[in-house]
Amino acid sequence: MGIMNLSEIMDKSIETLRKHVKSIALFTVGYGIIAFLLIIALVIVSAILLALGGIVFSSSRNMAAPVILISIVVILGASFTVSLYSGTIKIASQEYLEESIFAHDAIKVSFKSIFKVFVIILCAAVMFIPAGGLIYLAGKKFFGSFDRTFLMMSALNGRIVLMVIFSIIFVLAVIFIISAYAAWFSFALHALVVEKKGPFASIKRSFKLVRKDYWKVFGASVLFNLVVYAIRISIESLIALIASGVYMLGKILNINQDYTTFLTSVYTYINWPLNLIFWMVITPIAAIMLTMLYFNQRFKKEGFDLELRLKEIEKNDERKQLSETVEFNNSI
């Protein structure tokens with residue numbers, strides 16, 4: 001226990017996943033099914049409310065109410081999804097907090113945190129409005145300038161290629177800005193779950209832990225997601241390699257079949273169970289790594305590892321004293 005470098009954080013995360021893979025998988029499936037049903041119910045209720053209010057909105061041309069309702073539904077739906085990480089964080093944190101967390105405990109934690117997560121997402125969205133407005137204006141001006149440029153170009157293919165290239169650049173820039181902004185909220189859920197803070201205190205806590213190490217936290221967050229993506233691509237590539245080997249074996253045995261059709265059939269049958277495995281086991285790796293990074297930041301900034309060691313020593317002393325007392329009583 002102590003301050004770790006990035007490779008040690010990743011190794012610790014894989015070890016944590018290995019130790020608690022059963023709880024994580026059961027929690028992910030259990031919470032996912034319940035959350036999915038609740039989101040469907042939320043969408044149906046919202047659609048009914050919009051349909052009933054449509055008559056009023058169409059006559060008064062007041063679009064504020066439906067826009068607000070749709071925004072609330074979207075953020076609430078996002079809260080159900082993001083709250084999945086709360087349970088994963090709780091399971092991963094038992095590595096340091098000496099708690100026994102099972103799948104049903106993590107499900108309870110996730111559902112209890114939904115409305116707090118809603119407040120965090122709402123605050124983050126409101127705080128992002130100025131930057132979002134600037135992105136919108138920049139995009140409008142950006143593509144508007146290309147519309148005028150295209151009028152001066154005679155080659156259609158040249159216009160399409162140029163449009164695609166600059167669209168990709170603009171989208172990547174927007175993704176970078178959003179990811180960079182989200183990095184400030186990296187530890188908000190951890191403060192909510194581990195330290196049991198409120199939504200606003202969790203945001204403030206995350207800012208405090210990220211500050212002065214912002215680029216390290218941002219880079220680590222990106223790396224964690226890339227690791228998950230790389231694992232997924234590796235597994236899919238391995239399956240494609242095995243399928244190609246089976247196809248070649250069929251060719252040797254004079255089994256005639258189109259390669260594209262064969263590969264499509266393989267992915268059709270294996271896609272659903274493969275996605276389920278990714279969702280249950282592979283995707284939580286990023287949340288576990290971020291949890292290890294959260295504790296590492298506390299170790300660096302607050303000496304939390306020393307506090308944990310002190311508690312461990314105190315518990316060991318208590319156990320030793322209890323054992324000596326029992327031995328003394330038995331000898332009498």
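The values are calculated or read from the model by the stated rules, or taken from the named source; none is laboratory data. Predicted model, so just to flag it, every value in this text is computed and none were measured. So basically every Cβ, Gly included, is an ideal-geometry build from the backbone, and we count neighbours across all protein chains shown. For accessibility, only protein heavy atoms count, side chains too; no ligands or nucleic acids. Shrake-Rupley method; radii C 1.70, N 1.55, O 1.52, S 1.80 Å.
Heavy-atom accessible area per residue, the chain, 1.4 Å probe: how many Å²? Accessible area per residue: 61 Å².
What is the sum of charges, Lys and Arg at +1 and Asp and Glu at -1, for the other residues whose Cβ falls under 10 Å from the Cβ of Glu99?
Result for the neighbourhood of Glu99: -2.
Could you point to the label whose value was computed as percent of Cα pairs over 38 Å apart for the structure here, given (i) 18; (ii) 36; (iii) 31? Derived directly from the coordinates: (ii).
Going by alpha carbons, how many degrees (0 to 90, nearest 10) lie between the helix axis of 103-112 and the longest principal axis of the chain? Taking the Cα atoms of the chain, the angle to 103-112 is about 60 degrees.
The figure for Ser234 is an accessible area of roughly 70 square angstrom, using a 1.4 Å probe on the protein chains alone.
For the chain, what is the relative contact order in percent, using Cα pairs closer than 8 Å and at least 6 residues apart in sequence? Walk me through the numbers on the way to the answer.
Numbers: 222 pairs, mean separation 88.4, N = 332.
Relative CO of the chain lands at 27 percent.
Would you mind counting up the charge near Thr283? Only other residues with Cβ under 15 Å from its Cβ, with Lys and Arg at +1 and Asp and Glu at -1.
Numbers: positive: Arg232; negative: Glu236.
Here the count lands on 0.
For the chain, the longest principal axis of the Cα atoms and the long axis of helix 6-60 meet at an angle of about 50 degrees.
For Trp184, neighbours were defined as the other residues whose beta-carbon sits under 12 Å from its Cβ, and their charges (Lys and Arg +1, Asp and Glu -1) total +3. Give me the angle, in degrees from 0 to 90, between the Cα long axis of helix 214-252 and the longest principal axis of the Cα atoms of the chain, rounded to the nearest 10. Roughly 70 degrees, rounded to the nearest 10. Taken about its Cα centre, the chain carries a charge dipole of roughly 1100 debye when the Cβ of each Lys and Arg holds +1 and the Cβ of each Asp and Glu holds -1. Accessible area per residue (1.4 Å probe, heavy atoms of protein chains only) ranks Val164, Val82 as Val164, Val82, with the largest value leading.
Which entries of Lys108/Lys212; Lys204/Lys301; Lys197/Lys320; Lys116/Lys208 show an alpha-carbon separation above 27 angstrom in the structure shown?
Violating the 27 Å Cα-Cα cut-off are Lys108/Lys212; Lys197/Lys320.
The portion of the accessible surface of the chain made up by carbon and sulfur, rounded to a whole percent, is 71 (1.4 Å probe; DNA, RNA and ligands excluded). Residues Ile129, Ile177 ordered from highest to lowest accessible area at a 1.4 Å probe: Ile129, Ile177.
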